[in-house]
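The values are calculated or read from the model by the stated rules, or taken from the named source; none is laboratory data. Predicted, not measured: the structure shown is a model, and the values here were computed from it. Positions of Cβ are backbone-derived with ideal geometry, glycine not excepted, and every protein chain shown enters the neighbour counts.
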Amino acid sequence: MGNERTTYITSAEAWALDDLIRHTWTEEGRPVGRLLLLKVFAVIKEFEARRNDSYPPEVLPIALSEDECWAINYHVRRSYVDPEGYRVGRPLLLKVFGLILEMRNQEDLHTLRLADGSIDVESSDVARRLEQWRELLNDEHPDNGGEKPPQE
């Protein structure tokens with residue numbers, strides 16, 4: 001699905017997603033709810049299959065796309081308490097917020113790299129400014145304590 005990130009959710013959080021996310025939820029025509037719920041179903045089935053193990057897992061991984069994270073943010077309220085009394089809204093949302101911020105930061109870094117790559121280092125203005133900086137850094141200059149940088 002492209003840009004996905006993994007987080008770990010509890011059984012209560014997985015059931016909360018099942019309770020709150022509708023399979024009909026779409027984002028710009030894409031079936032976000034259905035795809036998200038398929039992932040949630042797999043996590044719930046794994047929790048149930050391992051319920052009677054000597055050491056059942058407390059959390060299991062789930063990979064979420066940005067659209068799925070936004071769907072969770074839309075449907076899950078911070079104050080949500082599941083039927084068994086577990087407060088799952090706030091912890092689940094904090095995980096989702098972290099994923100969204102991580103994805104946005106990654107996209108911003110990618111955009112910056114693309115912008116850096118588009119600079120024509122050979123252009124006379126850029127080359128002239130780079131040369132001025134080299135001269136400034138290589139000269140014995142009072143602003144840098146009169147020291148020369150180490151020679152390569």
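Among the residues making up region 40-97, a single one is in contact with a Pro (Cβ under 8 Å, 6 or more places away or on another chain) and of a type in the set (Phe, Trp, Tyr): Phe47. The single condition from (1) part of a helix (DSSP H, G or I); (2) in contact (Cβ under 8 Å) with a residue 12 or more places away in the chain that Arg34 fails is (2).
Annotation: of all residues in region 14-31 being in a loop (DSSP other than H, G, I, E, B) and of a type outside the set (Asp, Glu), the one that is surrounded by the most Cβ atoms within 10 Å (Cβ to Cβ) is Ile21. Within region 49-65, if we keep just the residues that are surrounded by 12 or more Cβ atoms within 10 Å (Cβ to Cβ) and free of Cβ contacts under 8 Å to residues at least 12 places away in the same chain, the residue that is farthest from Pro91 (Cα to Cα) turns out to be Arg50.
Assess whether Ser11 counts as being of a type in the set (S, T, N, Q), surrounded by 14 or more Cβ atoms within 10 Å (Cβ to Cβ) and at negative phi. Yes; evaluated as a whole, the condition is true for this residue.
Taken across region 47-58, residues that are at pLDDT 95 or above, in the same structural domain as Ala14 (by TED's automatic domain parsing) and closer than 16 Å to Ile21 by Cβ do not occur at all. Checked against (1) free of Cβ contacts under 8 Å to residues at least 24 places away in the same chain; (2) among the charged types (D, E, K, R); (3) surrounded by 15 or more Cβ atoms within 10 Å (Cβ to Cβ); (4) in contact with a helix residue (DSSP H, G or I) (Cβ under 6 Å, 6 or more places away or on another chain), Arg78 meets all criteria but (3).
Every listed requirement among (1) assigned to a helix (DSSP H, G or I); (2) modelled with pLDDT of 95 or more is met by Thr7 save one, (1).
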